[in-house]
Each structure stands twice: as structure tokens, then as C-alpha cells.
Amino acid sequence: MALFFSPVERMLALRYMRARRAEGFISVIAWFSLAGITLGVATLIIVMSVMNGFRAELVDRILGLNGHVAIYSTEGNGITNYDDLALSITEMPGVIAVTPQIEGQVMATKNAVSLGAVIRGVRWSDLAARKPLWDSLDDKAIASFRDDGGVLIGKTMAFKTGITPGGTITLTTARGKATAFGTLPTRRSFKVAGIFDVGMHEYDTSFIFMPLDVAGDFLGLPTSVSGLEIYVDDPQNIAFYRETITSTLTKNLRAFDWLDRNKSFLNALAVERNVMFLILTLIILVAAFNIVSSMIMLVRSKNADIAVLRTMGASGGSILRVFLMTGASIGVVGTAIGSVLGMLFCWKIDAIKEFLEGLTGSELFAAEIYFLSNLPAKVDPQEVLMVIIMAISLSFIASLYPAWRATRIAPAEALRYE
């Protein structure tokens, strides 16, 4: 800014920013403008960072427990030659792991508490591909899952039903056996090998992991699986892998990538993020209008000063730059303070959340609603830079009209009434 403004112009702009007693009301409006821009910039950075962190955490959890590409049969009878198919896909470049999986819905019952749940039958060696799940299990739970045919349940499900490792849980599936009295649901008790905590409320509440052969027997799929879960080294380039895998499949098999499987959810997040950005930008816009009003009043109060400067040889461009700097400085200072406050808030967001929850006695970030057990924040430098540029640009634009009005003041007319 110093390159475009002369020392005299900077001195005059700094002097006009310090209002005299007679101009106190103008100063109040300027302070409100400064506060508005500060709050707008800080709020925009905080909200966008929280939404970025929210999306990143959800995607990481989803990709950690689900394959990046899934293969299903279109005929509804599962995949029978799954080992051969898995071996052929594993040999493709970029494929990390291919895990067969059996999935079905059940009713989990314990201590007179019944919960709807989803069974996922997997081999114990394939648990490592699901890193959040594997990291939350101890050696005893893995050994019991492998050797005893026990099941793994989530922390929230264990809390609601009062189950501890080594206990039993009763599962009932709608897919039953045909009898003389009709089809009866299959009901069986299983030992709980361990309890996992992946930090995502939906999985911790309603998912049960079971050995593949046990799940096949329980759900009536002894020789087939529901699908194959494929993990790749670059999930962001998933379209390439999906097309490559699809080209090798038969007509009765179809591949879905993680973007397809979560399309509605990811679109909802994107729409919400864009709407929040537009709404919070209005805070900065309102503050910019306050700059317009305060600068117009300042120009009116400085008519005589402007006339004297013009008679002393100051050009219209010089007068314009003085008032442009005066108004834009409010935006620059407010943006700088707001950016620092916003990033500090994001840095200590969990501590601030815990403090506010303790102060109000209420839960501000319910896991049942937001799916995650903690409040994430991911600051994107490009977004912060965009917010800073937008706020400063609006401040300059808001200062243009009052500064232009100052150049239109006729010295003779202004001095005549002094």
C-alpha cells in the first residue's frame, strides 16, 4: 500500500482515522464497521474450517471401514467365485487389498434391549484393511474373533445393551428356514470377542463384524459372498480404478466407487457448505455498507479541509487516495484481526467447545446428529486467502464512492460558508 500512496497522503489518512470529539459519532460507526468485518472474517474462517474438517473426517472414517470400490452381483444370489475374482483384481496396479464380505440386517438383543444392526462377515486377516477398526482392537479381541468365532460390536452398542467382552449377544435375521408353519427367522447367540471404537457414531451403534464363514452359515450364504471390497492407493483418482475394474467384470457383476455410494451425502455437504459461505459473506457485506456511511459522513465533515488542500494544489487523485486509504484501512485492520482470531479459534476449537459445554451444561456437538464424536477443524490456506482478498476488496469498493465524492467538492463553494 505504501508504494501507491505518498507520505503526505498516508499522514492525512491516519489523521482522519483519529476522530475529534466533534466527530465522535462518525468514529462509533467506523468502530462498528471494524468489528463487523472482524467478526465476519473470523466467523467465515471458523465455519469453513469446521465444515472442511467435518467432511474430511467423515470421508476418512467411511473410507477406513468401507472399500474404495465395491463389486456386487446384479442377480441377487451373491458372488460364488469370489476368491478367483479377488486374486485377479489384486494383481492390478494400485490395488492394495480385495476383501470378500457378507452383509445382512439383523436385530441385536441383550438385557431386554433390541437394536437394529448390520452384520458384516469378513475374514480376520482382512480386518487390517479397515484401519480404524483394526487400531481400536487389542490382541485378545482379534484372537477371539479368529479362533472362537466371536463377533465385534461397537462401543455405543455395548453401552446401550450392557455387553462386555466375553459376554453374549442374540442376533435375529429375517432370512430364516422354511417350516410347516412358514418361514421362521433365524435366531442365534454369539460370543462378543471385542468392542471397537472407530469414532463414528453410526458404525459404533449399528455395525457388527463377524467371521466370514460364521456369517455365511448364519445368513444362508455358505458358498457365496454379498460383494467384494477393494482398497486402492489413491482414493481421489477412483474413477480410473473403477473403469479399469469394470472392464474385467462379467455382465452379472457391477462396480460402485465410494463417490457413487455416498453421492447424496457428499452433495448435501457441498450444498450446505456453499450456502453457509454465502450467508456469512453477508456479515462482511453489511460491515462494508457501514464503511460507506461512515466515510460519507467523514467527507461531509471535512469539506473545508478538502477545499484548503485543493487550493494548495492537491489533485483530485490525491484527495481520492487519502479517503480511499482511510476507508480501506478499516477493512484491512478488521480482516487482519479477524483472520488471526479465526485461526486461533480453529486451533483451540475442542478446548473452546468443552469450555462452552461446561458453562452451559448442554452438549453442543451431539454425536447422534453429526456422526462424529469430536469437533474437527481443517484450515485450508487457499480458502483463508480467498476470504482475506474478498474482505479487503469489499472494503476498497465500499470506500470508492465516498472518496470520489470528496474529489467533487468545489473549493469556492466549500469555503464560502466557513
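Quick look at the numbers
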item: Evaluated over region 227-273, the Cα radius of gyration and Dmax, each in Å; result: 12.7, 40
item: FRET efficiency, 1/(1 + (r/R0)^6) with R0 35 Å, evaluated for ASP260 and THR80 via beta carbons; result: 0.90
item: Rounded FRET efficiency, nearest 0.05, which uses the C-beta distance separating LYS131 from ALA35 and R0 of 45 Å; result: 0.50
item: Protection proxy ranking, peptides 31-40, 156-165, 143-152, average beta carbon neighbours within 10 Å, highest first; result: 31-40, 143-152, 156-165
item: Surface per residue (accessible, 1.4 Å probe) for region 219-354, Å²; result: 50 Å²
item: Over region 58-187 - Rg/Rh using Cα atoms and the Kirkwood inverse-distance radius; result: 0.99
item: Listed residue pairs exceeding 22 Å between alpha carbons, taken from LYS131/LYS155; LYS131/LYS348; LYS160/LYS191; LYS110/LYS155; result: LYS131/LYS348
item: For q = 0.17 Å⁻¹, Debye-computed log10 I/I(0) when each Cα of region 42-110 counts as one equal scatterer; result: -0.83
item: Sparsely packed GluC sites (Glu not before Pro) within region 42-148, loop by DSSP, other Cβ within 10 Å at most 12; result: GLU75, GLU91
item: For a label point 7 Å along the Cα-to-beta-carbon line of MET107, residues of region 122-166 with backbone N under 17 Å; result: 161
item: Calculated FRET value between ASP60 and LYS348, using beta carbons and R₀ = 25 Å, to 0.05; result: 0.70
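The values are calculated or read from the model by the stated rules, or taken from the named source; none is laboratory data. All of these numbers come straight from a predicted model, not from anything done at the bench. Counting neighbours? That spans all protein chains shown, and the Cβs are built from the backbone with ideal geometry, glycine included. To get the accessible areas, we keep the full protein, side chains included, count just its heavy atoms, and leave off ligands, DNA and RNA. Shrake-Rupley method; radii C 1.70, N 1.55, O 1.52, S 1.80 Å.
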